[in-house]
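Chemist: One structure coming up, written as structure tokens, with questions to follow.
What follows draws every value from the coordinates through simple rules; no lab data is involved. Everything quoted here is computed from the prediction, not taken from an experiment. Using ideal geometry, Cβ is built from the backbone for each residue, glycine included, and neighbour counts are taken over all protein chains shown.
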């Protein structure tokens with residue numbers, strides 16, 4: 001039996017987490033039906049809680065232990081932490097396979113090791129673990145249980161994670177992490193990515209451009225799968241995706257030079273993107289009609305690199 005806490009206590013604290021750390025989705029959440037908005041906000045709080053354990057603890061040892069505690073709580077279906085109690089309730093309410101969030105934990109736990117991504121296949125694996133999983137869980141939170149939707153949900157999560165990685169190269173390098181694949185930047189160490197010299201700039205800029213081009217393919221696929229969602233959810237996720245996608249497009253407009261400042265999307269720009277998204281959706285056939293199939297090539301690297309720990313992925317990929 002899962003521990004229970006009154007549902008009415010969740011939204012305010014979960015909302016504060018979303019408002020401070022998930023600004024793009026907090027903006028787009030306004031379009032969701034009330035129960036879906038509450039559930040999506042609770043899911044965000046759970047995922048952010050897990051992510052913060054990998055990033056913000058006072059030592060690697062503490063991070064590892066707390067992530068292990070979360071894993072045990074999920075596997076046992078019992079916790080004494082308010083966020084985890086609510087998260088376990090949410091998994092149960094929305095019939096979310098625990099294996100999905102365990103994949104998320106595997107990805108976040110990898111951040112407690114030395115982070116040096118070697119190639120695009122390893123990057124895709126990581127992006128699935130920390131973000132594709134969130135896309136899968138979000139479909140269920142938004143009352144979509146059609147298996148045909150799942151590969152597209154994975155793609156939208158991957159796209160947003162690639163965007164996040166490109167924007168935060170400097171911030172990650174400052175904590176000795178490099179998510180840009182070694183084969184794209186000649187195995188540069190993170191310190192070289194903080195403020196690349198003239199010789200390194202062309203290499204790094206080309207790598208970021210290549211990753212953002214890859215993200216575009218996943219965004220396009222993710223949008224094709226929005227038709228599986230209820231209408232309000234479809235509009236909300238479209239807006240959230242396009243607002244986040246704008247980060248990468250702004251980065252491209254400044255020649256992929258991420259190091260001068262961290263890119264954000266201004267409120268006027270969010271409003272314009274929202275209006276454009278809602279208007280374009282009315283005349284986009286794929287927004288209303290299910291795609292014929294998912295592009296299996298987008299998951300080829302993942303399928304070729306998964307092991308037993310990622311076996312649930314094969315149930316949801318194309």
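Chemist: Fewest Cβ neighbours within 10 Å first, please rank 177, 300, 30 accordingly.
Modeler: 30, 300, 177
Chemist: Over the chain, what is the relative contact order in percent, taking alpha-carbon pairs closer than 8 angstrom and at least six residues apart?
Modeler: So the answer I get is 19 percent.
Chemist: Could you tell me the calculated FRET efficiency between residue 213 and residue 80, based on Cβ-Cβ distance and R0 = 51 angstrom, to the nearest 0.05?
Modeler: 0.65
Chemist: If we count other beta carbons within 10 Å of each Cβ, what is the order of 58, 236, 214, fewest first?
Modeler: Numbers: 58 7, 236 25, 214 19.
Fewest-to-most ranking of 58, 236, 214: 58, 214, 236.
Chemist: Would you calculate a helix-derived [θ] at 222 nm for the chain, using -39,500 (n - 2.57) for each DSSP H run of n ≥ 4 and dividing by the full residue count, to the nearest 500? Could you put the intermediate results ahead of the total?
Modeler: Values: 17 runs with 208 residues, N = 318.
Roughly -20500 deg cm²/dmol at 222 nm, from the helical runs in the chain.
Chemist: In terms of the Cα gyration tensor, with a ≥ b ≥ c the square roots of its eigenvalues, is region 7-316 rounded because a/c is under 1.5, prolate because a/b exceeds b/c, or oblate?
Modeler: Rounded is the answer for region 7-316, as its axis ratio a/c remains below 1.5.
Chemist: Continuing with this model, one more query. Within 10 Å of each residue's Cβ, count the other Cβ atoms and sort 137, 271 from fewest upward.
Modeler: Working: 137 25, 271 12.
Lowest to highest Cβ neighbour count: 271, 137.
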